[in-house]
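So the structure is just underneath, and the comments pick up after that.
What follows is calculated from the coordinates using simple rules that are stated; it is not laboratory data. Small disclaimer: the values here were computed from a predicted structure and weren't measured. Quick reminder, even Gly has a Cβ in these numbers, built from the backbone with ideal geometry, and neighbours come from all protein chains shown.
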Amino acid sequence: MYIEIYLGDVSWGGLSMVKCPFCGSEVNVAPIKEWRFRFYIVNAYICPSCKGRFNYYHGVSSRGKESSFTIRVKPRPKRIAAEG
Ligand SMILES: [Zn+2]
């Protein structure tokens, strides 16, 4: 018997683990936002531990190299008044 297990969109070469660049804890909540930047898919996260906000870039470049990195947006926002 053949059982097919489909895991959906978690096949980024095992790179589905996102770590908070502020406190280093694993962030396993859904991104608050998602958009595209060149060949990257960008996910905006708010860390549930320290409330730090960062963008997680991941994608495959035109050379076929897979890369992912995080960019800090706001260290510890006191209040999220407006986007941007
Ligand atoms: Zn954090």
Simple SL model, points at 7 angstrom along Cα→Cβ for residue 74 and residue 29; separation in nm is 1.3
Assigned charges on the beta-carbon of Lys, Arg, Asp, Glu; the stretch 33-74 dipole about Cα centre (debye)
180
Going 7 Å from the Cα of residue 60 along its beta-carbon direction, which residues of the stretch 27-51 have the amide nitrogen within less than 15 Å of the resulting point?
39-41
Residue (of 73, 59, 46) at the positive-pole extreme of the stretch 33-74, dipole from beta-carbon charges
73
